[in-house]
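Colleague: Just passing along the structure, written as structure tokens.
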Amino acid sequence: MMTTSNDSSNFAAMRHAMVASQLRTTAVSDQRVVAAMARVPREAFVPEALRPVAYRDGTLDLGQGRAVNLPMATGRLLTEAYLEAGDRVLLIGAATGYTAALLAGIVTQVIAVEENADLVAAARTALAGETKVEVVQGALNAGHAAAAPYDVLVIDGAVEELPTALVEQVKIGGRIVTGLVENGVTRLASGRRTEGGHGVRAFADAECTILPGFARPRAFQF
């Protein structure tokens, strides 16, 4: 479907409204993140049927148990990552590539991991020509050790447990941002890798899409 100039104007207006009402009012304070979210056309990273609601204040269901994270959650995670221009970032939960596109405007390299084949194809199409991003198909909880170590780990969704395999792909002192699922509540958290493992702490309760493959093992019950 061809996008008309009127469509483009409507999307630009919705993008401006997203920045004003969803980001500036919720502590998304890194101006590079705000500028990226004001620039990157979110509608280009969702299925055509979802384009009219691409900028809504909520997750966007992609089917097969996956969703695009809501703008505020992604914006706050990227803000708390304290990104630097020379960073190499491991992004877990690439989905259709939107967050990878945001990161590409700020950092040097993004390895974007996605396990769903349909989403991998969509992300590669949407990110065609973006030389700073490599979309890798593989298990989300395994990351991409072949290109480690990374300066930053961004998990664009909520997990019950942060796997050691992912943490070990981050440099000592490297930054980690993620959503957490705690007692059925999703929170946003940040921290760093340390010599002995990692430390992350929640900084906000917020709606956040839950990623598959990160469930905490259940205790055995008689």
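Colleague: If I compute solvent accessible area with a 1.4 Å probe over the protein chains, what percent of it on region 146-222 is carbon and sulfur? Display every interim value, and only then the final one.
Modeller: Values: 2000 of 3980 Å².
Percent of accessible area from carbon and sulfur atoms in region 146-222: 50.
Colleague: Next question. Under a Cβ-Cβ cut-off of 11 Å, what is the net charge of the residues other than T26 that fall near it, where Lys and Arg count +1 and Asp and Glu count -1?
Modeller: Details: positive: R24, R76; negative: D57.
Result for the local shell: +1.
Colleague: Write down the accessible area per residue of the chain in Å², having rolled a 1.4 Å probe over the full set of protein chains. Kindly include the intermediate steps, with their values, before the conclusion.
Modeller: Numbers: 10170 Å² over 222 residues.
That works out to 46 Å² for each residue.
Colleague: Which one, G58, A189, V34, is farthest towards the positive end of the dipole of region 3-205 when Lys and Arg carry +1 and Asp and Glu -1 on their Cβ?
Modeller: Of the listed residues, the answer is V34.
Colleague: Another question, then. Taking a cut-off of 26 Å, what percent of all Cα-Cα pairs in region 3-205 are separated by more than that? Don't jump to the answer; show the numbers that get you there.
Modeller: Numbers: 5590 of 20503 pairs.
Distances greater than 26 Å cover 27 percent of the Cα pairs.
Colleague: Also, I was wondering about something else. Please list, ordered by chain and number, the residues whose modelled amide H lies under 5 Å from the amide H of D87; skip anything fewer than 5 residues away on the same chain.
Modeller: T108
Colleague: Follow-up. Over what distance in Å are the Cα centres of region 91-113 and region 167-181 separated?
Modeller: Region 91-113 and region 167-181 have Cα centres separated by 15 Å.
Colleague: Using Stokes-Einstein with the Kirkwood hydrodynamic radius over Cα pairs, what translational diffusion coefficient do you get for region 121-222 at 20 °C and a viscosity of 1.002 mPa s, in µm²/s rounded to a whole number?
Modeller: Values: Rh = 14.9 Å.
My calculation gives 144 µm²/s for D.
Colleague: Report, in deg cm²/dmol and to the nearest 500, the calculated mean residue ellipticity at 222 nm for the chain, where each DSSP H run with n ≥ 4 adds -39500 (n - 2.57) and the sum is divided by the residue count. Mind dumping the intermediate values first?
Modeller: Working: 6 runs with 54 residues, N = 222.
So the helix-based figure for the chain works out to -7000 deg cm²/dmol.
Colleague: Right, next: Across region 92-108, in residue order, what do the Karplus-derived ³J(HN,Hα) couplings come to in whole Hz, using 6.51 cos²θ - 1.76 cosθ + 1.60 with θ = phi - 60° and x for Gly and Pro?
Modeller: Values, residue by residue: 9, x, 4, 6, 8, x, 4, 5, 4, 5, 4, 4, 4, x, 10, 10, 7 Hz.
Colleague: Between 0 and 90 degrees, rounded to the nearest ten: what's the tilt of helix 5-18 against the longest Cα principal axis of the chain?
Modeller: Tilt relative to the chain: about 40 degrees.
Colleague: Helix 71-80 against the longest principal axis of the chain: what's the angle in degrees, Cα atoms only, rounded to the nearest 10?
Modeller: With rounding to tens, the tilt is 50 degrees.
Colleague: Find out how many positive minus negative residues lie around E43, taking Lys and Arg as positive, Asp and Glu as negative, among other residues whose Cβ is under 11 Å from that of E43. Mind dumping the intermediate values first?
Modeller: On the way: positive: R15, R42, R51; negative: D7, E48.
Value of the local net charge: +1.
Colleague: Sum up the charges of everything whose Cβ sits under 10 Å from the Cβ of P71, counting Lys and Arg as +1 and Asp and Glu as -1, but leave P71 out.
Modeller: +3
The values are calculated or read from the model by the stated rules, or taken from the named source; none is laboratory data. In this text, all values refer to a predicted model and were calculated from it rather than measured experimentally. No Cβ is skipped: glycine too gets one built from the backbone with ideal geometry, and neighbour counts run over all protein chains shown. Ligands, DNA and RNA are stripped out before the accessible areas are found, and what is left, the full protein with its side chains, is counted by its heavy atoms. Shrake-Rupley method; radii C 1.70, N 1.55, O 1.52, S 1.80 Å.
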